[in-house]
């Protein structure tokens, strides 16, 4: 067992796709698949269920994922500490959980530039969370705060949530699409269109509810499930469908897409959360800087 095998396994689980994991790691798909098989052989247990249509993580795989994640985080932390220990004592370290959707990915450098104009001695780490277990990561002190939607934490009374704006859903159209002539789009207008939806489970209740509404109103034959919003943009660019994207995921600087609001009511907000008993240092300015750069770059 080596670090490369563990990293391959984590990326496959995070993306539920060998293809996406290989692309992100800059490995061949066969190399990723071989690493997982060698890992399963060494631990002598099946970590992934492979089928022609869907990749699933076994119960043992979910348990091993947390172990692998901890090992790699400790390894990365140790390497980072040894490389930067001469300046580490002068820095305040802040870890922000996020999903790395197109908007969050775009605003990271904008936030860092804005924040560093005011404060210099901060070191930010952005931790990608594909399993949507923000609460457990906060409670286990693996992250200090997280960008998320309020539905993910609605039953938790040990966190503070700072809402930035209400969630709205937009129809992402390839440029020149006939539906561009409408100011807003209804479900009936999407009939006979190929609809691109993000694959998710109940861990994201609001998006899950939207997906179920599409299934009920349009049926499964019109829907193509997509693993992530970056891939959704690829399909839209290739004119292979119409995307449904929440406002907190839209990169408005992509020039081959036009947007129209979907006539659908969401009941949640997007914002920043952190533990009541673990208030991060300088949270006020961090939250304000994040909110400003996000609001400057959303379609709302």
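No lab work stands behind these numbers, since they all come straight from the coordinates. This is a predicted model, so every value here is computed, not measured. No Cβ is skipped: glycine too gets one built from the backbone with ideal geometry, and neighbour counts run over all protein chains shown.
Need one number: % antiparallel among DSSP beta bridges in region 1-158, to the nearest 5. Counting DSSP beta bridges with both partners in region 1-158, the antiparallel share is about 25 percent.
The Cα-based radius of gyration and maximum Cα-Cα distance (Dmax) for the chain are 20.3, 61 Å. Packing, taken as the mean count of other beta carbons within 10 Å per residue, orders the peptides 59-67, 38-46 from highest to lowest as 59-67, 38-46.
P(r) for region 217-257, from all Cα pairs and a bin width of 10 Å, is 26, 56, 17, 1 %, short bins first. At the listed q of 0.23 Å⁻¹, the Debye profile of region 3-71, built from one uniform point per Cα, gives log10 I(q)/I(0) equal to -1.00.
Per-residue packing, averaged as other Cβ atoms within 10 Å, sorts the ranges 242-249, 265-272, 253-260 into the order 242-249, 265-272, 253-260, beginning with the highest. How big, in percent, is the set of alpha carbon pairs in region 172-270 lying more than 17 Å apart? That tail contains 49 percent of the Cα-Cα pairs.
Using the Cα coordinates of region 255-300, the gyration tensor eigenvalues translate into equivalent-ellipsoid semi-axes of 29, 16, 7 Å, sorted from longest to shortest. From most to least packed by mean Cβ count within 10 Å, the peptides 285-291, 199-205 give 285-291, 199-205. The slack between residue 191 and residue 165, meaning 0.36 nm per residue of separation minus the straight C-alpha distance, is 6.4 nm.
Across region 174-224, Cα pairs under 8 Å and at least six residues apart give a relative contact order of 43 percent.
By DSSP, the beta bridges lying fully in region 148-300 are antiparallel in about 70 percent of cases. Remark: relative contact order (the chain) = 22 percent; criterion is Cα-Cα distance under 8 angstrom and separation of 6 or more residues. Taking every alpha-carbon pair under 8 Å whose residues sit at least 6 apart, region 3-71 reaches a relative contact order of 31 percent.
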